[in-house]
1. Can you give me the number of residues within the stretch 101-131 that are open to solvent by less than 60 Å² (accessible area, probe 1.4 Å) and among the basic types (Lys, Arg)?
2. Pick out the one residue from 137, 97 that is among the polar types (S, T, N, Q) and open to solvent by 70 Å² or more (accessible area, probe 1.4 Å).
3. Which of the residues spanning the stretch 141-167 are open to solvent by 10 Å² or more (accessible area, probe 1.4 Å) and either touching a residue at least 40 places away in the same chain (Cβ under 8 Å) or aliphatic (A, V, I, L, M) (or both)?
4. Would the stretch 76-93 turn up any residue that is more than 30 Å from residue 145 (Cα to Cα) and out of contact with any Cys (no Cβ under 7 Å at 6 or more places or on another chain)?
5. Give the number of residues within the stretch 1-49 that are of a type in the set (Ser, Thr, Tyr) and surrounded by fewer than 22 Cβ atoms within 10 Å (Cβ to Cβ).
6. Can you go through 125, 202, 160, 142 and tell me which one is part of a helix (DSSP H, G or I) and either in contact with a Phe, Trp or Tyr (Cβ under 8 Å, 6 or more places away or on another chain) or among the basic types (Lys, Arg) (or both)?
7. Counting residues that are under 22 Å from residue 115 (Cα atoms) and without any contact (Cβ under 8 Å) to a residue 60 or more places away in the chain, which helices (runs of 4 or more DSSP H) fully inside the stretch 43-102 reach at least 1?
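The values are calculated or read from the model by the stated rules, or taken from the named source; none is laboratory data. From a predicted model like this one, the values you see are computed outputs, not experimental measurements. We place every Cβ from the backbone using ideal geometry, glycine too, and count neighbours over all the protein chains shown. In case anyone asks, the SASA skips ligands and DNA or RNA and just uses the protein heavy atoms, side chains included. Shrake-Rupley method; radii C 1.70, N 1.55, O 1.52, S 1.80 Å.
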Amino acid sequence: LQRAEALAAGGDFEGAARACDVYLAARPRDLRGLLMKSSLLARAGFEEESTKVLHTAADLHPEVPGLQRTLGLARLKAGHHSAAAEALHEAVRQNPNDLDAQVNRGAALLLAGRTREAIGVLREARESDPRRADALNNLGVAYLATGRGRSALVNLERAAKHLESPRILLNLGKIQEDMTDSAEARRAYEQVLRLRPKDPEALAGRNRVG
């Protein structure tokens with residue numbers, strides 16, 4: 001792997017990944033080599049190939065904690081939401097205290113359109129950590145998707161209280177707009193614009209509410 005490291009140091013990530021292939025040809029189960037190859041492929045812009053190598057590593061080494069979560073996050077980033085949810089479910093099965101995996105599983109389910117499943121997972125995450133802003137935000141979005149506006153508002157308000165995030169504030173402004181609370185919606189959009197002065201969603205929202 002020294003050859004791969006040297007090529008990577010020079011910025012040749014694709015060549016470094018090929019050097020990993022040479023190393024792995026004689027040691028196909030070597031975890032360090034597999035993880036290095038996955039990382040190098042991702043840095044070279046080959047996200048799909050990187051995720052496939054991660055999947056191989058997770059299959060070969062189910063005993064290694066965190067691999068399923070890493071695989072799930074890679075799948076989530078690549079837009080494979082149902083597959084991400086499956087890997088993150090396995091990560092939680094292996095470690096029930098892995099709240100990051102639980103929250104990201106909820107996000108993956110939500111993005112996959114499995115909204116009711118997402119609500120159940122995110123409610124469990126909220127119970128584990130009531131201040132977890134990303135869980136509260138995603139739970140609010142899930143409730144909104146099922147027409148439960150009041151529940152959506154409560155969770156988004158809590159999320160905004162715990163983390164000043166443009167995304168959370170935009171979601172909060174939208175639900176406040178939908179519930180005809182123009183003054184609160186304007187306040188949320190203006191808070192976004194203090195953080196990101198040219199945010200197009202916040203500018204459009206502020207124009208809508210006047």
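1. Step one: filter the stretch 101-131 for residues open to solvent by less than 60 Å² (accessible area, probe 1.4 Å), giving 101-110, 112-113, 115, 118-122, 125-126, 129.
The next check asks that each one be among the basic types (Lys, Arg); those that pass are 105, 126.
Qualifying residue count, the stretch 101-131: 2.
2. Selected residue: 97, the only one of 137, 97 that is among the polar types (S, T, N, Q) and open to solvent by 70 Å² or more (accessible area, probe 1.4 Å).
3. 141, 144, 145, 153, 154, 160, 163
4. Within the stretch 76-93, none of the residues are more than 30 Å from residue 145 (Cα to Cα) and out of contact with any Cys (no Cβ under 7 Å at 6 or more places or on another chain).
5. 2
6. 202
7. Numbers: elements: 47-60, 67-78, 81-94.
By residue number, 67-78, 81-94.
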